[in-house]
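Taking it in order: structure first as structure tokens, then the write-up.
What follows is calculated from the coordinates using simple rules that are stated; it is not laboratory data. What you are looking at is a predicted structure, and each value in this text was computed from that prediction instead of being measured. Using ideal geometry, Cβ is built from the backbone for each residue, glycine included, and neighbour counts are taken over all protein chains shown.
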Amino acid sequence: MVRFVHCSIKGDIISKDTFKKPNLNVSFCETHKFNLTGAFYLSKVDDDNPESSMWVRHRKILHSHTDYYLKTEEGLVDGWLTGTKTYLDLDFTKHKIYVVDTPNDLKQLFLMYGRFSQQVEWELGRSTKETHNLNQLRFEKLKDLRVLNQFINSLDPEYLAQLRNPEPKTADKFARLIASRNIRNMPLVSIKNQQVNIPKKGITCEFLVDLLRTQQKWETLVADPSDLRISTVVDSLDFRKIANDGYNGIYYSTNLVKFNELADEDMTGKPLKKYVDWCNFITQPDIGELPEFMEFLSDDDKKEIKDEIEYYIRWLGSDTLMIWDWPEHVISGGGET
């Protein structure tokens, strides 16, 4: 078992009865986009001091470097250091906690559960609202077109032959049907979650015709995509997906989040600064180069995503356990500092 502590500035002890499950589908968090709003946050209790943790020590380090946190009401030094503590004893396997213990673990976490978005870049001096919207549509259809082409190439040989090398009679029939269905504005093939939607009737002649109609329509719209400049960003973690895989929380360990030399610096006799960025005291990990994990991903975007993931560990400030579902057979205990 590993003991964790949550420091509450509100003076309350969290238990199974008072814990409120957060909404795992919320994409915005008021603290950091890789965090989960409403989750329960804790830090590992120090082995040599049951009243302390890396989070508590980090707050004390901040105080040793700055006077920014010293001016609070009623003479309190820091609400995080004087508040009520909630303790949990956890077994990572038994209580289903996803452990991020190394830089490679961190990289794999985002490759498996990261939410990424892509859009066409706005080009200063060249883009207008109309051209940008058109290019964004071209990009969306380019992605759909690739799914469509993969689907067509995976068809049984008999269907693929009708589309690629039809006999003259079949070619004439398809041409007439294409023209007729275009005039009547019949629906094109739909794609959802990167999959072609096959109608209930299955792969009929009309469906094969609609595959060709859709392919032709989108190829015309997309044209030459080489002028599209695509930007890829990491938006958040998919906590719903992590939970669906059986996890109640995620832990960024003390092996991953580490103090650097600045945190150990002796401030005796040195003037205090008004404000010090708390990230300065944490070593930034190196997750290595990201692979080509999705299409249209540029080297510059890969580097920015890598930097953002690594900086998140510095931003955390200490090891961090994030719980979104109360683990079974876990009992909380509390105490005053």
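With the simple spin-label model, which puts each label point 7 Å out from Cα in the Cβ direction, the E328 to N260 separation comes to 4.4 nm.
Long hydrophobic helices in the chain, taken as whole DSSP H segments with a C-alpha length of 18 Å or more on their own axis and mean Kyte-Doolittle hydropathy at least 0.0: 205-222. On full extension, the segment bounded by M112 and A171 gains 16.8 nm, given 0.36 nm per residue less the C-alpha separation.
With coordinates expressed along the principal axes, the C-alpha atoms belonging to segment 122-227 extend over 52, 28, 24 Å, beginning with the largest. Computed from the C-beta positions of T283 and I198 and an R0 of 56 Å, the FRET efficiency is 0.65 to the nearest 0.05.
Modelled this way, with points 7 Å down the Cα-to-C-beta line, the labels at T18 and E292 are 5.4 nm from one another. Sorting the segments 53-64, 10-21 by their residues' average number of neighbouring beta-carbon atoms within 10 angstrom, most packed first, yields 53-64, 10-21.
Shape analysis of the chain places it in the prolate category; the axes a ≥ b ≥ c from the Cα gyration tensor give an a/c of at least 1.5, with a/b above b/c. Where only DSSP H runs of four or more residues are counted, the chain gives -11000 deg cm²/dmol as its mean residue ellipticity at 222 nm, each run worth -39500 (n - 2.57). Between T31 and E219, full extension at 0.36 nm per residue minus the direct alpha carbon distance yields a gain of 63.4 nm. Once the C-beta distance of E130 and M267 is scaled by a Förster radius of 56 Å, the resulting FRET efficiency is 0.45 to the nearest 0.05. Model label points for D235 and A179, set 7 angstrom from Cα along the Cα-to-Cβ axis, are 4.4 nm apart. Cross-link partners for K201 among the aspartates and glutamates, with Cα-Cα distance under 19 Å and sequence neighbours closer than 8 places in the same chain left out: D156, E158, D210.
Pairs with C-alpha atoms separated by more than 18 Å, drawn from the list K33/K192; K141/K217; K96/K241; K44/K85, are K33/K192. Just check segment 260-328 against the gyration tensor rule for me: Cα atoms, a ≥ b ≥ c as the square roots of the eigenvalues, rounded for a/c under 1.5, and otherwise prolate or oblate depending on whether a/b exceeds b/c. Here segment 260-328 falls in the oblate category. Here the gap between D299 and K60, fully extended at 0.36 nm per residue and compared with their Cα-Cα distance, gives a gain of 82.1 nm.
Close amide H pairs (under 5 Å, H built 1.01 Å from N) link S236 with R115, residues at least 5 positions away or on another chain.
Each residue of segment 234-243 was assigned a 3J(HN,Hα) from its phi angle through the Karplus expression (A = 6.51, B = -1.76, C = 1.60, θ = phi - 60°), giving 9, 8, 5, 9, 8, 5, 4, 5, 4, 5 Hz with x at Gly and Pro.
Classify segment 193-312: rounded, prolate or oblate, from the alpha-carbon gyration tensor (a ≥ b ≥ c, eigenvalue square roots; a/c under 1.5 rounded; otherwise prolate if a/b is larger than b/c)? Note, shape of segment 193-312 comes out prolate.
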